[in-house]
Every structure is written in C-alpha cells, then in structure tokens.
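Here the structure is laid out as structure tokens; the discussion comes afterwards.
No value in this document is a laboratory result; all are computed from the given coordinates. Everything quoted here is computed from the prediction, not taken from an experiment. Quick reminder, even Gly has a Cβ in these numbers, built from the backbone with ideal geometry, and neighbours come from all protein chains shown.
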Amino acid sequence: MTMTRSDFRFFHRLRVRWAEVDMQKIVFNAHYLMYFDTAITDYWRALGLPYQETMHQLGGDLYVVKATVEFHASARADDQIEVAMKCSRIGNSSLSFTGAIFRGDEHLITGEIIYVFADPATQSSRPVPPVLRDILTGFEAGEAMTGMRVGAWSELGADAQRLRTAVFVEEQGIPKELEWDSADETAVHAVACNRLGRPLATGRLLAHEPGTSKIGRMAVERTLRGGRLGRDVLHALMAVARERGDAEVVLHAQRSAQGFYDRLGFTVLGEPFEEAGIAHVTMFKRL
C-alpha cells in the first residue's frame with residue numbers, strides 16, 4: 001500500500017544509526033518495528049497522555065496482537081527519516097494503528113500494529129473506554145489535546161500542587177518548606193490539563209516591581225517534557241502580564257532549562273546562583 005505524507009498528521013523524526021544497518025548499509029528489517037514502536041510512544045505524548053498513568057486511570061492496558069511490515073524500499077545509514085503514525089480503526093476492544101516511514105517524500109515502509117484493550121490482571125479483553133475513543137478520534141480530526149486554565153490558587157491550587165509536588169519535591173528533592181509559600185495565594189496560576197483532566201504543566205505569575213512581573217514554579221509532567229506544554233504555560237502567563245500593562249517579565253531559570261527560555265527570547269541577567277540547592281540564572285523578556 002503506497003501512502004503520502006498528507007495521509008498523516010503525526011510524524012516522529014529520527015536519524016538511522018550505523019548500529020542498525022547491515023553490511024550493505026541498509027536497515028535490518030526487524031528495526032522497522034522498533035521505529036514504529038518508538039513512534040507510538042511519541043504519539044501518546046502528542047495526545048497529552050502519560051501512558052502508564054493513563055492506562056491505570058482507564059482500568060486496562062494495551063497488548064499487541066498483530067504487527068505487519070510491508071517493504072517498498074530500504075532506509076540507509078545516516079538517513080534522516082520520518083515515521084508517520086495514525087489511529088486508523090477503533091473496534092469494540094481493539095485499536096489499529098497504521099504507520100509509514102518516509103525519506104523526504106519517498107515512501108519506504110508501511111506498517112500496521114493492532115492492540116487489544118484488556119484487563120491487566122486477567123488479560124481478558126475489555127471495550128475501549130469511550131473517553132479514549134473520543135481522544136483518538138479528536139486527535140486525528142485535528143482537535144486540541146490539552147486545555148489551559150488561568151486563575152487563582154483557590155481555583156487551581158489542587159492541580160498545581162499535585163504537579164509541583166511530583167516535579168520539585170519528589171523528583172528534584174526540594175524540601176516541602178521551600179516549595180510552598182504564601183505567594184501562591186496572591187499569584188495568578190496557569191495549569192494545562194489533558195482531556196482526562198490530569199494536570200500536565202503549571203506556572204505562576206507574581207507582581208515583582210512596577211511594570212515587571214515574575215514568573216515562577218514552572219513545572220511539566222516528566223514524561224511529557226520537550227513538547228509544547230511549558231511554552232503554552234509561559235505564553236499564558238505572559239499574556240496576563242501584558243494585559244495588566246507590564247513591560248517585562250523576569251524569572252529564575254534552572255540552568256538545565258536555560259536553553260528552553262533562550263529559544264523563547266529570554267535574556268540572561270547577571271551571574272548564576274544557587275536556589276534550593278540547584279543552579280539558577282535570572283532571565284528576562286520584554287513584552
């Protein structure tokens with residue numbers, strides 16, 4: 001089956017490594033299934049669904065029952081390829097994903113992976129949950145997978161606290177007494193949630209100096225970093241600052257996240273420093 005790029009809206013990009021090719025410098029056939037499996041992982045990220053937590057919430061898991069690969073041409077060492085993926089069919093208890101691998105516009109490989117939604121304890125099949133069916137069909141139709149809420153701590157505090165505890169306290173080891181402060185009560189908060197209502201990213205905006213707001217407590221679900229969630233929260237908070245007449249925003253960026261803020265137009269101000277035992281740098285951006 002020949003496909004074109006226009007048949008898909010999701011693409012996972014990668015470069016073929018030398019360890020994945022044979023003496024003729026073409027990819028070992030079995031690696032194409034690995035490419036499709038990797039693309040499926042990123043497909044779930046695009047849905048805004050941390051896989052393990054989502055399956056637990058839905059009361060099941062997905063099991064592969066069939067995988068097929070159709071070869072049209074070979075990928076070679078150092079090729080830049082794109083693995084396209086779409087949910088092509090949702091049955092009563094099964095999900096079919098169709099994939100294609102492209103080198104530029106050249107269609108190299110076609111694949112299909114069929115999953116069954118089942119009870120993890122008994123592995124007996126269960127109907128695909130309606131909410132998962134809606135998410136998959138919505139994504140393929142181009143609908144947004146996350147929503148942004150902006151408001152007060154009284155409204156968003158529970159979701160923001162849940163996410164910040166996971167990221168700052170449990171993952172980074174910051175003491176609880178340093179994470180929580182009275183500023184939360186007066187700050188404007190932003191929380192991005194997926195279509196299951198799970199908070200995925202958060203941040204807060206504080207009045208800092210006349211004409212300047214301070215952004216802080218930026219946190220993104222660990223398994224979904226590298227996408228657009230942090231950027232969306234940042235833009236939501238900057239929009240609030242702009243609407244109330246501020247000329248700039250400042251923030252204390254962890255050094256590991258400095259590149260993220262660089263790409264969004266923030267500029268370093270001053271020398272690095274430690275905060276809560278973690279290296280930071282002050283950055284600002286004109287609005």
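Numbers at a glance
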item	result
Cβ charges +1 (Lys, Arg) and -1 (Asp, Glu), total dipole of segment 146-286, debye	660 debye
Ordering of 61-68, 192-199 by packing [mean C-beta count within 10 Å, highest first]	192-199, 61-68
Mean separation of Cα contacts under 8 Å, 6 or more apart, over the residue count of the chain: relative contact order %	13 percent
Ranking of 135, 278, 109 by count of other Cβ atoms within 10 Å, fewest first	278, 135, 109
Lys, Arg +1 and Asp, Glu -1 on Cβ, resulting dipole of segment 5-140 about Cα centre, debye, nearest 20	80 debye
Dipole in debye (nearest 20) - the chain, about Cα centre, beta carbon charges: Lys, Arg +1; Asp, Glu -1	460 debye
For residue 254, net neighbour charge (Lys/Arg +1, Asp/Glu -1) across residues whose Cβ lies under 11 Å away	-1
Gaussian network model of the chain, Cα within-10 Å springs - most flexible of 125, 182, 96	182
Extreme residue, positive dipole direction of the chain, given options 101, 2, 52 (C-beta unit charges)	2
C-alpha long axis of helix 153-164 to longest principal axis of the chain, angle in °	60 degrees
Aspartates and glutamates with Cα under 17 Å of residue 66, excluding same-chain neighbours fewer than 8 positions away	37, 112
Tilt relative to the chain, helix 130-140 - C-alpha long axis, 0 to 90 degrees, to 10	90 degrees
In degrees, nearest ten, helix 229-243 long axis to first principal axis of the chain (Cα)	40 degrees
Descending semi-axes in Å of segment 5-140, equivalent ellipsoid built from Cα gyration tensor	29, 15, 13
DSSP beta bridges in the chain [antiparallel fraction, %, rounded to 5]	95 percent
Translational D in µm²/s for the chain (Stokes-Einstein at 20 °C, 1.002 mPa s, Kirkwood Rh from C-alpha pairs)	100 µm²/s
Qualifying lysines (Cα of each under 25 Å from Cα of residue 285; at least 8 residues distant if same chain)	214
Relative contact order computed over segment 5-140 (Cα-Cα under 8 Å; 6+ residues apart), in percent	28 percent
Semi-axis lengths (Å, descending) of the ellipsoid that matches the C-alpha gyration tensor of segment 146-286	21, 18, 15
Convex hull projection area averaged over all views, segment 1-72, Cα basis, nm²	6.6 nm²
Sequence of 40, 114 once ranked by neighbouring C-beta atoms within 10 Å, starting from the fewest	114, 40
Residue exposure sequence - 23, 85, 1 - by fewest surrounding Cβ within 10 Å	23, 1, 85
Dipole-positive endmost among 16, 281, 153 within the chain (Cβ charges, Cα centre)	16
